[in-house]
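Student: Below is the structure I would like to discuss, written out as structure tokens.
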Amino acid sequence: MAIMSEIAKKSGLTTEPVAIVWSNTKPDHALEIRPGTWACLMWYYAKAALDGKVTALSRNSFGCSGGAMGIGFGRPFEKHSSGNEENFCCFLSNGREGSKDTDAYDSHLNGITNPHQKEMLEKGERIKKNPSVAKEFLNALPFYDVPTEYVLFKPLSSTDPDELIKSVIFLVNPDQLSVLSILANYHRGQITDGVVVAAGAAGCQAIGVCTYNEEHSDNPRAIVGLTDLMARKSVRRTLGSDKLTFSVPYSLFLEMEANVSGSILESELWIELMNGA
């Protein structure tokens, strides 16, 4: 039985909610990334949200090392152009400037033939102040090595409750972010703890491991993502410039769905806002 969302209907979403599913089966006609090819996983998320396409990701086909970490395929630093964890921390921060061994770093840079990769490693992404802070970030990022062969991006309406659904993702504008934030906190008296902004996390890490991790909490929270500038650049033309992701573990999704009736999603205020009044 397909899963349909009252949240999506009553919040006026223009795209399909997307589920991240752990699976040992690859669906027929699923999109795949060619092994060794770089790709931003948020583009494949967008294909599920907009076009109803299913993507099957595996340990041999995950787009980029940050993406592998984001969806739960461990920490394959050796498959990143940085080559190892220490250099990856430099890549996330200030590049060559932050390296403890600039001679070794230069030697690694000299072996890179792709000019864009070389420049990024030399200058760094600058999302963390220095490699030490980047290391703290990696330590804080939830670690998963998923027990299944595949991680799937699936339109929610193509899933079945018997599947192992780990994350449900809504693509929201500011008004929808507001109302879903209220709904995520509707059954609790919290103010600051019900919704988390995944600052500094890649787009796929926010909808993936950061959301998976909430499943283990007594009070699972929603994760606001797509705050990653590289991901925003990758999907801007596809999804628009005013969107963020709002992802929840499956248990919280079910609780929110059960709370739609009688909630703010049925209020005059929300209906007026949704209709542009």
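Student: Amide H of residue 197: which non-local residues (sequence gap of 5 or more, or other chain) have their own amide H closer than 5 Å, using H built in the peptide plane?
Tutor: Amide H neighbours of residue 197: 224.
Student: I'd like the FRET efficiency for residue 38 and residue 178, computed as 1/(1 + (r/R0)^6) with the beta carbon distance as r and R0 of 41 Å, rounded to 0.05. Intermediate results must be reported in sequence, preceding the final value.
Tutor: Numbers: r = 35 Å, r/R0 = 0.86.
About 0.70, to the nearest 0.05.
Student: Based on the alpha-carbon gyration tensor of the chain, what equivalent-ellipsoid semi-axes (square roots of 5 times the eigenvalues) come out, in whole Å, largest first? Kindly include the intermediate steps, with their values, before the conclusion.
Tutor: Details: eigenvalues 236, 83, 56 Å².
That gives 34, 20, 17 Å for the three semi-axes.
Student: What order do you get for 171-181, 105-115 when each peptide is scored by the mean count of other beta carbon atoms within 10 Å, highest first? Walk me through the intermediate numbers first.
Tutor: Numbers: 171-181: 18.5, 105-115: 13.3.
So the peptides 171-181, 105-115, ranked by packing, come out 171-181, 105-115.
Student: I'd like to know which of 80, 138, 110 lies farthest towards the positive end of the charge dipole of segment 76-140, counting +1 on Cβ of Lys and Arg and -1 on Cβ of Asp and Glu.
Tutor: Value: 138.
Student: Segment 192-219 to segment 44-119: how many Å between their Cα centroids?
Tutor: 21
Student: Here's another thing I want to ask about it. Hey, got a sec? Which chymotrypsin sites (Phe, Trp or Tyr not before Pro) in segment 127-230 land in a DSSP loop and have at most 15 other Cβ atoms within 10 Å?
Tutor: Those satisfying the criteria are 143.
Student: Listing 6, 16 from the residue with the fewest other Cβ atoms within 10 Å to the one with the most, what is the order? Each step should come with its number before you reach the end.
Tutor: Working: 6 16, 16 21.
Fewest-to-most ranking of 6, 16: 6, 16.
Student: Rounded to the nearest 10 degrees, what's the angle between the helix 41-51 long axis and the longest principal axis of the chain, both from Cα atoms, 0 to 90?
Tutor: With rounding to tens, the tilt is 30 degrees.
Student: Treating only the Cβ of Lys, Arg, Asp and Glu as charged (+1, +1, -1, -1), what charge dipole size does the chain show about its Cα centre? Round to the nearest 20 debye.
Tutor: On the way: 26 positive and 33 negative charges, 155 e Å.
Dipole about the Cα centre, nearest 20: 740 debye.
Student: Could you list 166, 233 so that the one with the fewest beta carbons within 10 Å of its beta carbon is first and the one with the most is last? Please report the intermediate quantities before stating the final value.
Tutor: Details: 166 25, 233 11.
Ordered by Cβ neighbours within 10 Å, fewest first: 233, 166.
Only the coordinates and a few stated rules stand behind these numbers; no lab work does. Every value quoted in this text rests on a predicted model; they were computed, and no experiment measured them. Because the Cβ atoms are built from the backbone with ideal geometry, glycine has one as well, and the counts that use them run over all protein chains shown.
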